[in-house]
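Participant: My questions all concern the structure below.
Please treat every number below as a calculation from the coordinates, not as lab data. From a predicted model like this one, the values you see are computed outputs, not experimental measurements. Here the Cβ is made from the backbone with ideal geometry for all residues, glycine too, and neighbour counts use every protein chain on show.
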Amino acid sequence: MLAVRHLHKSIERRPVLKDVSFELRPGMVAGLIGRNGAGKTTLLKTMAGIYDPDAGDVLLEGESVHRQPEIKREIVFLPDNPEALFGYTAEECARLYALIYPRFDRAAFDEMIRRFGLPANRKIRQLSRGMKMLASISLGIATRASYVLLDEPTNGIDPIAKQQVLTLLVEAVSEGMTLLIASHAMGDLERLSDMILMIRQGEVETREIADPARGEAVKLQVVFDGEAPAAWLASPQVIVLEHVGRVYTLLVSREDGDAKLEELRRMRPLVLEELPLGLEDLFVWKHGGRNDEDR
Amino acid sequence: MRDAMIRIDEKSALPIYEQIVHRIKELISRGMLQPEEKMPSVRELAARLLVNPNTVAKAYQELERQGVIVSVRGKGVFVARPASSPGMLQERLSRLRADLGRLMVEAHHLGVSRTQIKDWVEEEIERYWRDGDAGGSSSSQVD
Amino acid sequence: MRIDRALWKREYDQAKWLVWITPLAHFLALGGNRLNDWYLDRPENIQHRLARIHDHWQAYQYGDMELMARISLMTVLFVLALVQTGAERKNGGQEFLLSLPCSRTRIYWTKWLFGIGLLTGSLVLNTALDMAIVAGSPIAEYFRLWYHLDQFVFAWLSLAAVYSFFLFIGTISGSLASQAVFAVLAPVLPYLIAFLVRVAIAIHNDSVFRLPEADFILLFPVRYDYPEMLAAGPFPWIFMAAVFAVASVGGMIAYQRTRAENNGKLVVFPLWERILQAGFVFCSALVGGTFVYAFFNSSSVVLYYVGLVLGAAISAWVIRRLLRLRLKI
């Protein structure tokens, strides 16, 4: 088990991670979501031992990653831009990794390279972005490390390469690897994750994928009878996700009880239907709507 | 089982594993998956659908619990034979009930009167349900 | 351990070209030069030169070639330190190394050993070559083994100390550019400060000031020709050994505590930011004072203080802006 305990990290005197704690169980997939600059990369890099925490621990089977760096054999960090590998060919990368990670599976790596048509003897720098990510992820998976930390693996790559990346990740999970994926691709995370870590203003919340809102909010499709109640719509517990013609798609918070919902029911709308609340909706809700106001 | 057979709808209200359960039962009831046919393994299906293998495993567990599929040690997972498949029965009954609802909507829309539709149903009951018997091979409640 | 092989491989891959240039540059300055003088030149020139040689000092040209060799080696080691630390900060190399399952001190010592190893190898090779060249040349009668050995030891110690120092600067600097600047300035700094302080004192005493001796603090491997080296006594050696020890251990400590999140800034440690700030303002104040005083033809000491304050104020503003920068190089 990979446990993060009370992690604090400030960069340039600004706190980026505040008392972050969570656990990754073996074989699970955790999705890490948050706005750009919220601290996803900082968290991953701190877990990988690249950054030192100001306080707190990252413990792998009880051993601190920072005090016993040798246990990082079981952790592989795949950055969103694998610059360090650019000067090497895929072949040279494999040879380097084989020296670093004792369980490196060369045969598996070669098979993945062949499958994706990656040229083994071209420098990584010269490959397309999608190919670069595939090479990097293939290397990471071939290390047979127990925990793989991925920073935006599908960012900016073409749809075919993206499918290939996701296939690789699913196979890795089938092999028993634990994945922590920082990403903006909510749809992919919904399909792949068991657990969601949401980072906002330095704090990380854990949510289960089956019920991301934990009943704290509800997504509704509403058509009002007559004029839409501007005051009610403007209240802080209501977020308008979409407004097409007379149809409103809303998020209504239930954190302070059902008062808002009751108000809505009393308005006797023509249509009042509950919709499934997905990850993207959770994201928008937690960030106070689409207009950048913070709750 | 070919690739396009199962599609996950991201917008659906149903959780993914339920969608998988539902779709597989639908494929079976429509004959696209034959009894005793070999199903893809959890890994294979997960890789095809690009879904967490734990989710697929959960779906398979549910299907097995309902008797829709059977796992044979060392050989894989197979579609169960109809007789030993109470889960499928439930599925088929649900479909039946839904079909009935659809026919009723159509009848109403065409302006068939209340008495007329009742007469028609009585006719069919007279034809198939004799002596108040339960009919068919099994009886079950449909909710 | 296998991971050591990976670390060495990384160092070699990054600095491959330097590994080949180093002995070559060394050779050109030393053995090649010697070859040129005593084998490849026109016979009449060689005879001419030979005629003017009466003792081994002259035969060895007072250690001139070894001095050139030290200068070129120092340049190469300067670049090597840049490649090993500064360049890595901007091409993702350092973050990659820090994510590996090994301690940071192991990474640091691999780098350090690589540089020291390169230095040692080149010195051994080229000293041997040079000895062979001299032994077979027209000045063979003046061949002195202890001379070569003496030069070898001096070169090794002074360059090992300088390399450790450059590497140490690299562990503290946040970018390639700042590392280069600091590595060039730092050896000169004590001399500069000594000069400025003496100027300040002289101004107040209204006495004439002399340029202080450019003593061994300034670029010590470069400083000495051979007779001076022999006459200088034990102190330079002690000094070089001290720099060697302090810089290599200091570098290890700094690398162990490195703050990768500050890559791109001038220096990566807040403590060193403070030191840099204080030093910069202090030196600029002195420079300002000296400059204003000299500019107005030394009329009044007050001018010196005006310059002092101006220098301090402007530099404080400048350094504040600089410290906030994050460089891409």
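Participant: So who's got an amide H within less than 5 Å of the one on residue A:203, skipping anything under 5 residues away but keeping other chains? H placed 1.01 Å off N, in plane.
Facilitator: A:18
Participant: Which whole-number percent gives the relative contact order of chain A, counting Cα pairs below 8 Å spaced six or more residues apart?
Facilitator: Once normalised by length, the contact order is 19 percent.
Participant: Could you give me the ³J(HN,Hα) list for the stretch A:259-272, computed from phi with Karplus coefficients 6.51, -1.76, 1.60 and θ = phi - 60°, whole Hz, x at Gly and Pro?
Facilitator: 4, 4, 5, 4, 4, 4, 5, 5, 6, 6, x, 5, 10, 9
Participant: Residues with amide H under 5 Å of residue A:241's amide H, sequence separation 5 or more or different chain, H placed in the peptide plane at 1.01 Å from N; which?
Facilitator: Distant-sequence amide H within range of residue A:241: A:249, A:250, A:251.
Participant: Taking Cα atoms of the protein assembly as shown, Rg/Rh with Kirkwood Rh, to two decimals?
Facilitator: Result for the protein assembly as shown is an Rg/Rh of 1.16.
Participant: Next up: Quick one: grab Rg to one decimal and Dmax as a whole number for chain C, Cα atoms only, in Å.
Facilitator: For chain C, the Cα radius of gyration and maximum Cα-Cα distance read 23.3, 70 Å.
Participant: Shape of the stretch C:66-209 from its Cα gyration tensor (a ≥ b ≥ c, root eigenvalues): rounded if a/c is under 1.5, otherwise prolate when a/b > b/c, or oblate?
Facilitator: oblate
Participant: Amide H of residue C:267 versus every other amide H placed in the peptide plane: which residues, excluding those fewer than 5 positions away on the same chain, fall under 5 Å?
Facilitator: Residues meeting the amide H criterion: C:174.
Participant: Most exposed first by the Cβ proxy, i.e. fewest other Cβ within 10 Å, how do A:100, C:314 rank?
Facilitator: Result, fewest neighbours first: C:314, A:100.
Participant: Based on alpha-carbon positions alone, could you give the equivalent ellipsoid semi-axes of the stretch B:1-41 from the gyration tensor, as √(5λ), descending, whole Å?
Facilitator: The three semi-axes for the stretch B:1-41 are 20, 10, 9 Å.
Participant: Quick one: which of C:73-81, A:261-269, C:4-12 comes out on top by average Cβ neighbours within 10 Å, and what's the full order, highest first?
Facilitator: C:73-81, C:4-12, A:261-269
Participant: Just to check I understand the Karplus step: with θ = phi - 60° and J = 6.51 cos²θ - 1.76 cosθ + 1.60, what whole-Hz values come out for the stretch A:239-248, glycine and proline as x?
Facilitator: 10, 8, 7, 8, 9, 10, x, 9, 8, 9
Participant: Still on this structure: Kirkwood hydrodynamic radius, chain A, all distinct C-alpha pairs: what's the number in Å?
Facilitator: The answer is 21.0 Å.
Participant: Counting pairs of alpha carbon atoms under 8 Å apart in space and at least six apart in sequence, what relative contact order in percent does chain C give?
Facilitator: 21
Participant: Kindly state, as a whole number, the per residue volume in cubic angstrom of the convex hull around the alpha carbon atoms of the stretch A:93-221.
Facilitator: Given the Cα convex hull of the stretch A:93-221, per-residue volume reads 146 Å³.
Participant: For the stretch C:22-105, take every pair of Cα atoms, bin their distances at 5 Å starting from 0, and report each bin as a whole percent.
Facilitator: For the stretch C:22-105, the binned pair fractions read 3, 12, 15, 14, 11, 9, 8, 7, 6, 5, 5, 4, 1 percent.
Participant: Using alpha-carbon pairs under 8 Å, 6+ residues apart, how would you state the relative contact order of the stretch A:221-287 in percent?
Facilitator: 40
Participant: Given a cut-off of 26 Å, name the pairs among A:162/B:75; A:132/C:328; A:45/C:265; A:9/A:72; A:286/B:25; A:132/A:286 whose C-alpha atoms lie farther apart than that in the structure shown.
Facilitator: Checking Cα-Cα distances, A:162/B:75; A:286/B:25; A:132/A:286 exceed 26 Å.
Participant: Can you run phi through the Karplus equation (6.51, -1.76, 1.60; θ = phi - 60°) for the stretch A:227-236 and list ³J(HN,Hα) in whole Hz, with x for Gly and Pro?
Facilitator: For the stretch A:227-236, the Karplus curve yields 6, 6, x, 4, 4, 4, 5, 7, 5, x Hz.
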